[in-house]
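As structure tokens, the structure follows; a few thoughts come after it.
Quick note: the coordinates plus some simple rules give every number you see, no bench work behind them. This is a predicted model, so every value here is computed, not measured. Here the Cβ positions follow ideal geometry from the backbone for every residue, glycine too, while neighbour counts run over all protein chains shown.
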Amino acid sequence: GAVVSQHPSWVICKSGTSVKIECRSLDFQATTMFWYRQFPKQSLMLMATSNEGSKATYEQGVEKDKFLINHASLTLSTLTVTSAHPEDSSFYICGGMDSYEQYFGPGTRLTVT
Amino acid sequence: QKEVEQNSGPLSVPEGAIASLNCTYSDRGSQSFFWYRQYSGKSPELIMFIYSNGDKEDGRFTAQLNKASQYVSLLIRDSQPSDSATYLCAVESGGYQKVTFGIGTKLQVIP
């Protein structure tokens, strides 16, 4: 299967600071990438769909000014959590489409103190 | 709202048995269906996808799709303790390559 990397794998930050998460498709070009958030014992919730060279499409209830997404190239998408708060602590996972299948990065565990 | 329903489990099966995981979906127009395995603390990994009615086999895994009943299942033959994980059903919904995930079924394979 296709390989997607994420960096960092975990991060701890203080409330009010911003955190950037990188998602890269390593062996394929991902025109579309997806960002998910997963809270403990819950399923993946789609936050936004990121298309190369255009603005991201956010799901209902996701603040676009808080979760900034930049899909700068066919292999890189970034998610910046701005002014993070403890309730933003979660497991953030990106996914890239290779043909018709979606492959996930290893995830980034964010803890906001 | 498009939904994907799974029993959260846990589903316990003895080692060597067949594990049967089930999923129903609400969007009759869905065309693509996926099964992911997620170990605790890790991100999901794709194990099977199916697009056509019927069965699709890959090693010990068999995905079954019945679009008329809006039902997709995953069978795991000769279950191993290493198969113990949460299995997520995902359904393509609304086009644009978006998928909706079920809550996942936790499988426990007892040695």
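Taking the centroid of alpha carbons for each part, segment B:52-109 and segment A:51-70 are 29 Å apart. Per-residue 3J(HN,Hα) values for segment B:46-62, derived from phi via the Karplus relation 6.51 cos²θ - 1.76 cosθ + 1.60 with θ = phi - 60°, read 6, 10, 8, 9, 8, 10, 10, 4, x, 10, 9, 10, 8, x, 7, 9, 9 Hz in sequence order (x marks Gly and Pro). D by Stokes-Einstein for segment A:55-98, Kirkwood Rh over Cα pairs, 25 °C, 0.890 mPa s: 207 µm²/s. Loop-located GluC sites (Glu not before Pro) in segment A:1-108 (DSSP state not H, G, I, E or B) with no more than 11 neighbouring Cβ atoms inside 10 Å: A:Glu63. Under the combined filter of DSSP loop state and at most 15 neighbouring Cβ atoms within 10 Å, segment B:1-92 retains these chymotrypsin sites (Phe, Trp or Tyr not before Pro): B:Tyr39, B:Tyr51. Enclosing the Cα atoms of chain B in their convex hull gives a volume equal to 95 cubic angstrom per residue.
The modelled label-to-label distance between B:Ser69 and B:Asp27, using points 7 Å beyond Cα along the C-beta direction, is 2.3 nm. A simple rule links phi to the HN-Hα coupling: the Karplus curve 6.51 cos²θ - 1.76 cosθ + 1.60 with θ = phi - 60°, which for segment A:90-98 gives 5, 9, 9, 10, 9, x, x, 8, 10 Hz, with x for Gly and Pro. Scanning residues 5 or more positions from B:Gly9 or on other chains, those with amide H under 5 Å from its amide H are B:Lys106, with H placed 1.01 Å from N in the peptide plane. Among the chymotrypsin sites (Phe, Trp or Tyr not before Pro) in segment A:11-109, those located in a DSSP loop and surrounded by at most 15 other Cβ atoms within 10 Å of their own Cβ are A:Tyr100. Only Lys, Arg, Asp and Glu carry charge here, each on its Cβ (+1 for the first two, -1 for the last two); on that basis chain A has a dipole of about 300 debye about its Cα centre. Backbone geometry of segment B:75-82 corresponds, through the Karplus equation with coefficients 6.51, -1.76 and 1.60 at θ = phi - 60°, to 3J(HN,Hα) couplings of 10, 10, 8, 6, 4, 10, x, 5 Hz, x marking Gly and Pro.
With the convex hull drawn over the C-alpha atoms of segment B:37-93, the volume per residue is 90 Å³.
Partner aspartates and glutamates whose Cα lies under 20 Å from the Cα of B:Lys42, excluding those fewer than 8 positions away in the same chain, are identified as A:Glu22, A:Asp88, A:Glu101, B:Asp83. Expressed in units of 2.2 N^0.38 Å, where N is the residue count, the Cα radius of gyration of chain A is 0.98. Taken over the C-alpha atoms, the protein assembly as shown has Rg and Dmax values of 17.6, 52 angstrom. Pairs B:Lys67/B:Lys106; A:Lys20/A:Lys41; A:Lys64/B:Lys67; A:Lys14/A:Lys66: which exceed 27 Å Cα-Cα? Pairs exceeding the cut-off: A:Lys64/B:Lys67.
Which of B:Cys89, A:Leu76, A:Gln38 sits closest to the plus end of the dipole of the protein assembly as shown, meaning its Cα is farthest towards the positive end, when Lys and Arg get +1 and Asp and Glu get -1 on the C-beta? The one lying farthest along the dipole's positive direction is A:Gln38. With a cut-off of 20 Å on the backbone N, the residues of segment B:79-110 near the modelled label site 7 Å out from B:Tyr39 along Cα-Cβ are B:79-89, B:104-110. Left without a cysteine partner by the 4.7 Å Cβ rule in chain A: A:Cys13.
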